[in-house]
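Scroll down for the structure; my scribbles are underneath it.
The values are calculated or read from the model by the stated rules, or taken from the named source; none is laboratory data. In this text the structure is predicted, and so the values were computed from the model without any measurement. As a convention, Cβ positions derive from the backbone with ideal geometry for all residues, glycine included, and neighbour counts pool all protein chains shown.
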Amino acid sequence: MTLSSPLLLAAGLLVTAALAWAAVVSARRRRAALAAAGVAVPGGRRAYLGSGLTIAGVAVLAIATAGPAAMVPVPRATGTVILAIDVSNSMGADDVAPNRLAAAQRAARAFVAAQPDSVDIGVVAFARGGLTTARPDADHSIALKAIDRLKISGSTSLGTAIMASLTAITGKQAAIGRDGTAPDIGYWPSATIVMFSDGQNRGGAGEPAVEPAAEVAQKAGVHIHTVGVGTTAGATVQVDGYRLQTSLDEDTLTSIAQTTGGAYHPASDTARLDGIADTIDLRLTVSDEPLPLAGALIGLALALLTAGAALTVLRSGRVI
């Protein structure tokens, strides 16, 4: 237990001690006066119960004025979340209305709105490359503005998306070497990546493959939750004058999530996307937070004072 004003506690206990001493002296004088007058002196502990309760009430009140608080463990969502949002050409498909990117943006905004200010949120837009459009920050309006600015362009590299998200989390460039050497980015167990994508991976030469990138995240303790935007039936998109068929690749998104200890969340329609924030569990940390006890102690003090006064009146017909 902690106290905000220890001096008030010391002063209150001194007052309590003075009252206890005064009560003892008063009781002795009363007993002596009654004995001198030949009146039988009441004995037993009941004779002092009323004054004892009153003094106990004053003591509890003294503790309450000192601002006591108990440190209790409180679980809460905390840490860093990177929203990695696919902006490749295939996200222009309209199998999820009005199109995949617009639906993903709406779901991402709902996700941000559902998070407490104890969570730092950043945004990474990815197509062929990955770009941090908003660094992790407790000011969630920054992430919301970054989500609104997203535009469709390019092909998809999920491996690049993962490495760009890890770079945003650590603040240091995370890249797999040309010889396949995985970078040591440390351990970040309070970080989570939420990837919104149709899973269509068309990374080119020189770009990190999906599996090694997911393993880097796994070793760093970073969970990746994948959100599948689109349908397995798919749709066609117009790219450079060509019509291309594109469909949701659930297997790739599921593999990424399973490798990193996250989960795959299918969202084949707008309604399911809107509720995605409720299905993603962030890390919970337990921190000690002060729980004020003054209110409860004041209530206890008032009960003791009332009981003490009532017993005193019943015993002697007076409050003192």
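Hey, does the stretch 190-200 have a residue that's assigned to a loop (DSSP other than H, G, I, E, B) and farther than 25 Å from residue 90 by Cβ? Yes, the stretch 190-200 contains at least one residue that is assigned to a loop (DSSP other than H, G, I, E, B) and farther than 25 Å from residue 90 by Cβ. Scanning for something out of contact with any strand residue (DSSP E or B) (no Cβ under 9 Å at 6 or more places or on another chain) and touching a residue at least 24 places away in the same chain (Cβ under 8 Å), does the stretch 81-98 turn up at least one residue? Taking every residue of the stretch 81-98 in turn, at least one turns out to be out of contact with any strand residue (DSSP E or B) (no Cβ under 9 Å at 6 or more places or on another chain) and touching a residue at least 24 places away in the same chain (Cβ under 8 Å). Quick one: what pairs do we get from the stretch 167-178, first residue touching a residue at least 12 places away in the same chain (Cβ under 8 Å), second basic (Lys, Arg) and surrounded by fewer than 19 Cβ atoms within 10 Å (Cβ to Cβ), C-beta under 8 Å, 6+ apart or different chains? Within 8 Å, the pairs are 168/135.
Can you report the number of residues in the stretch 281-312 which are at pLDDT 70 or above and more than 12 Å from residue 54 (Cα to Cα)? Please lay out each step first, then the result.
In the first step, residues of the stretch 281-312 are kept if they are at pLDDT 70 or above; the result is 288-312.
Then keep just the ones that are more than 12 Å from residue 54 (Cα to Cα); that gives 288-299.
Final tally of qualifying residues: 12.
State whether the residues of the stretch 120-130 include one that is surrounded by fewer than 18 Cβ atoms within 10 Å (Cβ to Cβ) and either assigned to a loop (DSSP other than H, G, I, E, B) or under 25 Å from the mean Cα position of the chain (by Cα) (or both). The answer is yes; a qualifying residue exists.
Across the stretch 229-255, the number of residues qualifying as surrounded by 17 or more Cβ atoms within 10 Å (Cβ to Cβ) and either farther than 23 Å from residue 106 by Cα or in contact with a Gly (Cβ under 6 Å, 6 or more places away or on another chain) (or both) comes to 9. Please determine whether any residue of the stretch 139-157 is in a loop (DSSP other than H, G, I, E, B), in the same structural domain as residue 86 (by TED's automatic domain parsing) and surrounded by 23 or more Cβ atoms within 10 Å (Cβ to Cβ). For the stretch 139-157, residues in a loop (DSSP other than H, G, I, E, B), in the same structural domain as residue 86 (by TED's automatic domain parsing) and surrounded by 23 or more Cβ atoms within 10 Å (Cβ to Cβ): present.
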